[in-house]
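The values are calculated or read from the model by the stated rules, or taken from the named source; none is laboratory data. Because the structure is predicted, anything quoted here is derived from the model rather than measured. Every residue, glycine as well, gets a Cβ built from its backbone with ideal geometry; the counts of neighbours run over all protein chains shown.
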Amino acid sequence: MIYECKFTPCMLDIRILETDATIAIIDDAKYDQKHMKAFMLLIRQTFLKLEKKGVKYVQQTVLKSDWDNFLSNDKRWAFKYEDAFTHAFTIECKIDLVTDAIIAGLGCS
């Protein structure tokens, strides 16, 4: 499902895992630096809606270097698995922590 800001080009593409409706997967996100407040608001509103629908965890795929250099120290994120073909990492966060975790990962506070 696509979640968009009505006033900026910010968007999130999120799907619910078919085999477990308590897990949402971030497939794509688009934003630019001049619209960071709008993007942060979109993140917060989107995950509040998903939490009300019963989603408990959010997963995303990241580069190994991003995990090693930035995200592994943030205890809100848990390593789930490494894709054998692409060597990308799937990481997971509890939905009630994900907004702050994503914002921190973008270098905002």
Hits in the range 92-109 - residues which are outside any strand (DSSP E or B) and either under 13 Å from the mean Cα position of the chain (by Cα) or modelled with pLDDT of 95 or more (or both): ILE95, ASP96, LEU97, VAL98, THR99, ASP100, ALA101, ILE102, ILE103, ALA104, GLY105, LEU106
Residue count for the range 61-95, restricted to those that are of a type in the set (D, E, K, R), under 18 Å from LEU17 (Cβ atoms) and in contact (Cβ under 8 Å) with a residue 24 or more places away in the chain: 2
Extreme residue, farthest from MET1 (Cα to Cα), among residues of the range 76-91 that are aliphatic (A, V, I, L, M) and outside any loop (DSSP other than H, G, I, E, B): ALA78
Looking only at the range 70-87, and only at residues there that are aliphatic (A, V, I, L, M) and surrounded by fewer than 16 Cβ atoms within 10 Å (Cβ to Cβ), the one that is farthest from LYS56 (Cα to Cα): ALA84
Enumerated strands (runs of 3 or more DSSP E) restricted to the range 1-75, each holding at least 3 residues that are under 23 Å from ALA88 (Cα atoms): 11-16, 23-30, 57-62
The range 10-36 - residue that is farther than 20 Å from LYS52 by Cα and touching a helix residue (DSSP H, G or I) at 6+ places or on another chain (Cβ under 7 Å) and, of those, surrounded by the fewest Cβ atoms within 10 Å (Cβ to Cβ): TYR31
